[in-house]
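The values are calculated or read from the model by the stated rules, or taken from the named source; none is laboratory data. Note that this is a predicted model, so its numbers are computed, not measured. Because the Cβ atoms are built from the backbone with ideal geometry, glycine has one as well, and the counts that use them run over all protein chains shown.
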Amino acid sequence: MSETILSLKGVEKIFGSFRALGPVDLDVSAGERLGIIGPNGAGKTTLINCITGVYAPDKGSVHFQGRDISRIEAHKRARLGISRSFQIPRPFTGMTVLENLLVPLDYCHVDGSKAERAHAVLASVGLSGRTADASETLSQLELRKLELARALVGNPKVLIADEAMAGLSDEEIDEVLEILFALNRSGVAVIMIEHIMHAVMRFSQRIVCFETGRLIATGTSAEIADNPLVQKVYFGE
Ligand code: ADP
Ligand code: MG
C-alpha cells in the first residue's frame, strides 16, 4: 500500500447528548478505493462531514497529507484536495450543464482556461453531448454525472462519493462505476459510501462497515461478506 493521505484518530461527533459518530480511527491510502457501508443512521454522512469540514469533530483529529485539518473550514479543505459529491444532486437551475461547472470553478485555481477545464471534466463523466443543455433536462443518471463532475473540477486527491448510485438501474450503476474506476486509475483516492452492495464490493479494495457511529468491521469485499458482525447488522441474527 502507498502512503497514508487521510488519517482520522479518535474522531467523535456528538449532537446534544447523542453520539452520532465515534470514536473512529481510520487511515486512507493515496490512490485507494475504499468502500464505506452500514445501515441508515450508522454515521456515514456524519463521518464525511467531519472529513470535509461541514463539522469540526468534537474530539479527535483529521490529518490530510500529514497536516491537521480538523479545525479548518470546508472550502480550504476542498482547496487542499478533498472533494465530495452529495447524496441528492442539486444543480443550479436556469443554467446549462457547462455553466453549472463554471460556478464552482470560480472558487478553484486551474491551469489554463476555466471553460477548457469544465469541458474536460464533463468529457470525463460522459456529458460532452449535453454541455449546452439546461440542467433541468438531465436524466437521473446525467444528474449523478453532473454531481460527480462538480466534485471533480478542483482536481481533488480524494473524492468521497456519498451514495452516488442510489436509484439507478444496473446498467447505469456500471456507467458510474466505470467513471469512478477511471478516476481512480488517474491516481485519485475514492471513498465510496454505498448501499448497493454488489457495486461497493466490486469497486472497493477495502471496505469498512459502520453501525451506530462505530467502525465494526474492516476487510476485503470477500472478508466483509463473510464477517458475522456485518451479517448480523444487515440480516439480523
Ligand atoms: P448515515 O449517513 O449512515 O445514514 P448519518 O451520519 O446521516 O447516518 O446520521 C447518523 C446519526 O446522527 C443519525 O441517528 C442521525 O439522525 C443523527 N444526525 C445526523 N446529523 C444530525 C444533526 N445535524 N443533528 C442531530 N442528529 C444528527
Ligand atoms: Mg448518509
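Odds and ends about this structure:
- Note on segment 132-179: among residues that are within 16 Å of ligand 1 (Cβ to nearest atom) and crowded, with 18+ Cβ neighbours inside 10 Å, the one that is farthest from the chain's Cα centre (by Cα) is M165.
- A single member of I88, I82 is β-branched (V, I, T), out of contact with any Lys or Arg (no Cβ under 7 Å at 6 or more places or on another chain) and within 13 Å of ligand 2 (Cβ to nearest atom), and it is I88.
- Scanning segment 45-81 for residues that are surrounded by fewer than 21 Cβ atoms within 10 Å (Cβ to Cβ), over 22 Å from R19 (Cα atoms) and aromatic (F, W, Y) returns no hits.
- Tally, over segment 67-85, of residues that are among the hydroxyl-bearing types (S, T, Y) and not in a strand (DSSP E or B): 1
- When restricted to residues that are assigned to a loop (DSSP other than H, G, I, E, B) and among the acidic types (D, E), segment 1-15 contains 1.
- Considering segment 206-237, the residues that are exposed (fewer than 15 other Cβ atoms within 10 Å of the Cβ) and part of a loop (DSSP other than H, G, I, E, B) include one that is farthest from the chain's Cα centre (by Cα), namely E237.
- Residue in segment 14-32 that is farthest from ligand 1 (Cβ to nearest atom), counting only those that are within 19 Å of P156 (Cα to Cα) and buried (at least 21 other Cβ atoms within 10 Å of the Cβ): E32
- In segment 35-45, the residue that is farthest from V24 (Cα to Cα) out of those that are under 12 Å from the mean Cα position of the chain (by Cα) and within 7 Å of ligand 1 (Cβ to nearest atom) is T45.
- Looking only at residues in segment 35-66 that are more than 16 Å from ligand 2 (Cβ to nearest atom) and part of a strand (DSSP E or B), the one that is farthest from R214 (Cα to Cα) is F64.
- On the stretch given as segment 97-122, residues that are over 10 Å from R150 (Cα atoms) and either under 20 Å from the mean Cα position of the chain (by Cα) or of a type in the set (D, E, K, R) (or both) total 8.
- The number of residues in segment 182-198 that are of a type in the set (A, V, I, L, M, F, W, C) and either free of Cβ contacts under 8 Å to residues at least 24 places away in the same chain or within 16 Å of ligand 2 (Cβ to nearest atom) (or both) comes to 5.
- Taking segment 16-34 as the range and being assigned to a loop (DSSP other than H, G, I, E, B) and within 22 Å of F86 (Cβ to Cβ) as the test, only E32 passes.
- Identity of the residue in segment 93-113, surrounded by 16 or more Cβ atoms within 10 Å (Cβ to Cβ) and modelled with pLDDT of 90 or more, that ends up nearest to L143 (Cα to Cα): V97
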